Each structure stands twice: as structure tokens, then as C-alpha cells.
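Any read-out appearing in this document is the output of simple, stated calculations on the displayed coordinates, not a laboratory observation. Since we're looking at a predicted model, the values are computed, not measured. Methodologically, a virtual Cβ is constructed for each residue, glycine included, from the backbone with ideal geometry; neighbour enumeration extends over all protein chains shown.
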Amino acid sequence: MGRKKVYFEELLQLNPFVENLTLESVSFCKKESYVSVKSNLNAIVSFYTVDKNGFCKVFNDEHQYERIKLLKHSTRSFLMYIIYHLPSSKDYIRLQFSKVTCDVGIKCPITFKKCIQELIDNEFIKLSECEDVYWVNPLFFFKGSRIEKYKEKVTHNRNAYTANTKES
């Protein structure tokens, strides 16, 4: 079968990367709360299945993409390093020249500092009070649950929930 010069979603049914794909998962349960049923307390238990491999969420925002497009190539590589090495549920990362340079391919401390400054200027990271430690902007990326980390910042869009349930 030859390649088609037009775009038809019907032709895109089987992703070739998925053919030999095996995803390892981990399941766990979490006791969330208790309810009273006829004077007995019963636990509400939720079961979760998650991907065994770690992941960092990159949040889709058109302004974020525009900022990334404008970064220099070395700074984009540096940003990928941060995304892959961000500790789970942390909103900060330690960026030491000696550790980052091997992975990113930056050999000069001046280039390292320029990349850091470009990420700061574009609000991907900010200086912290600790040497070599930077805050990451969770609006752009976060490893873990932003909702769990920033519970006091969560707002609920009840209209979105209502719209989704009406379609079902």
C-alpha cells in the first residue's frame, strides 16, 4: 500500500509503534473516606491503575508552545533535561553544571548560564534561595498531580462536568 497524499483519519487506525508495545502497570487501592450506612461506617475504596514508568506531564497551552518555539536549540535541550529529571511531586529541581552538561551537551559554563537565564526570562523556571536549585513553573510541566500538590489552588468547573454528563 502506497502513501496517500491526502489526510484521511480512516487510514490512521493502527499506530505501528503500538504493535510490539507492552505497558507495565501498577495497581493500588486508596481509602478515600467513610460513609455511614445504618450506623455502620463503611470505607469508600478506589482502585487505581497507573503506568509503571514515571512520566512528567507537559500541559498543552498555546502560549507555552509559542515560548518553546522561540527558545534557542541548546535551551530547548536543557528544558527537556528538566522535564526528564524533575523529581516526582516536586516543583523545584537542582541544576548543577557538572551533571547537566553531559546529558545536554553544553560544555561551556557561559552557555549553561545563558540557557538558565533564557528559561528564567520565559518563566519556565525561577531562582530559589538555594544554590543551583530552581523553581519550575507547574503551569507548564509537573511530575505528579498538580491537584494533590496545590489543593488550595483548585477550582471546580461545574459547567464542564454537566456538559460531559449530558453527552453520555
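Contact annotation: residue pairs with Cβ atoms under 6 Å, 6 or more positions apart or on different chains, pairing a residue in segment 130-153 that is on the phi < 0 side of the Ramachandran plot and touching a residue at least 12 places away in the same chain (Cβ under 8 Å) with a partner that is in a strand (DSSP E or B) and charged (D, E, K, R), are VAL133/ARG94; TRP135/LYS126; PHE142/LYS57. Among the residues making up segment 129-153, those that are assigned to a loop (DSSP other than H, G, I, E, B) and either aliphatic (A, V, I, L, M) or out of contact with any Lys or Arg (no Cβ under 6 Å at 6 or more places or on another chain) (or both) are GLU129, CYS130, GLU131, ASN137, LEU139, PHE140, LYS143, GLY144, SER145, TYR150.
Against the test of being surrounded by fewer than 12 Cβ atoms within 10 Å (Cβ to Cβ) and either under 25 Å from ASP51 (Cβ atoms) or basic (Lys, Arg) (or both), the options LYS126, LYS113, LYS153, LYS149 yield a single qualifying residue, LYS153.
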